[in-house]
1. If I model a spin label at L42 and K99 as a point 7 Å from the Cα along the Cα→Cβ vector, what separation in nanometres do I get?
2. Taking Rg and Dmax of the Cα atoms in Å straight from the coordinates, which label in [x] 15.8, 55; [y] 13.5, 42; [z] 24.4, 81 is the correct one?
3. Compute the FRET efficiency between A75 and E25 as 1/(1 + (r/R0)^6), taking r as their Cβ-Cβ distance and R0 = 25 Å, and round to the nearest 0.05.
Amino acid sequence: MGKAKREAKKARKENKEIEAQERAEAERARRVRQRIIIAIPLVTLAIAAGLWFGLDSASLAGAALLGGAVIWLMAGLGFLGAGVSPRDRTRAGSIDYGKRR
C-alpha cells in the first residue's frame, strides 16, 4: 500500500513538472509571436521608406505599405486566435446538434 502511494505521489510530481515545462514553453512561444507582431509594421515602414527615398517611387512605397498591412492583419488575427483555448468536447453530451424537430 505504501509503495503504491509513493509511486502515485511521484507520478503526480512528474506530471506537475511536465505541465510547468509546457506552460513555460507556451509562454516563450507567445512572446516570440508578440515580437513578430510588433516587428512587422516596423519592417514594413523601413521597406516603404527605402522605396520612397531610395527609388523615389511613391506607388511602390504604397504597395509595400499595403502588403505589410495585409500581412500584419493576418498575423495579428492568428495571434489572437492562438490565444483562444479550444472547447472541451470530451463527453458526448457536450456536442450541440441544434434544434431537434
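The numbers here are math on the coordinates, done by the rules we state, and not lab data. Every value quoted in this text rests on a predicted model; they were computed, and no experiment measured them. Please note: Cβ atoms are built from the backbone with ideal geometry, for glycine as well, and neighbour counts cover all protein chains shown.
1. A separation of 5.3 nm, rounded to one decimal place.
2. For Rg and Dmax of the Cα atoms in Å, the calculated option is [z].
3. Numbers: r = 20 Å, r/R0 = 0.81.
For R0 = 25 Å, the calculated efficiency reads 0.75.
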